[in-house]
Amino acid sequence: MTLKFAHRKEGDVPRPVALGKVNENFEAIKAEMRRLRTGNVLEIDAGNEKAVRSTKRMVTMAGKDIGAKWKHWSQGAKVYARPVRQRRGPGRPRKVRG
């Protein structure tokens, strides 16, 4: 199936029915991830053990938004996260052309 695209003016198209809601928890996690200093681990209290899975998912999504991979783990109702250290692969470094 081929997609067809068209650019229209905002007044020519129907308005959205639902409001675009922002997940405040997601934005808070992103802000805390940006503020985390080197060598520290972010501790997130999910409240109960049922919320741990969604909290881990938000950590993964926030890391992708920030542009870094994060390792996360949990114990009880707490989720811990830290950025993954970038490793250089085996072999010679690539030549930089410039």
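The number of residues in the stretch 47-67 being surrounded by 13 or more Cβ atoms within 10 Å (Cβ to Cβ), within 9 Å of the chain's Cα centre (by Cα) and small (G, A, S) comes to 2.
Of all residues in the stretch 69-98, those being under 18 Å from E32 (Cβ atoms) and either under 17 Å from the mean Cα position of the chain (by Cα) or not basic (K, R) (or both) number 13. Regarding V41, is this residue modelled with pLDDT of 85 or more and loosely packed, with under 10 Cβ neighbours inside 10 Å? For V41, the condition - modelled with pLDDT of 85 or more and loosely packed, with under 10 Cβ neighbours inside 10 Å - is not met. Considering the stretch 1-38, the residues that are surrounded by 10 or more Cβ atoms within 10 Å (Cβ to Cβ) and of a type in the set (S, T, N, Q) include one that is nearest to R82 (Cα to Cα), namely N25.
The values are calculated or read from the model by the stated rules, or taken from the named source; none is laboratory data. A quick note: this is a predicted structure, and the numbers were derived from the prediction, not measured. Note that we place each Cβ from the backbone using ideal geometry, even for glycine, and neighbour counts take in every protein chain shown.
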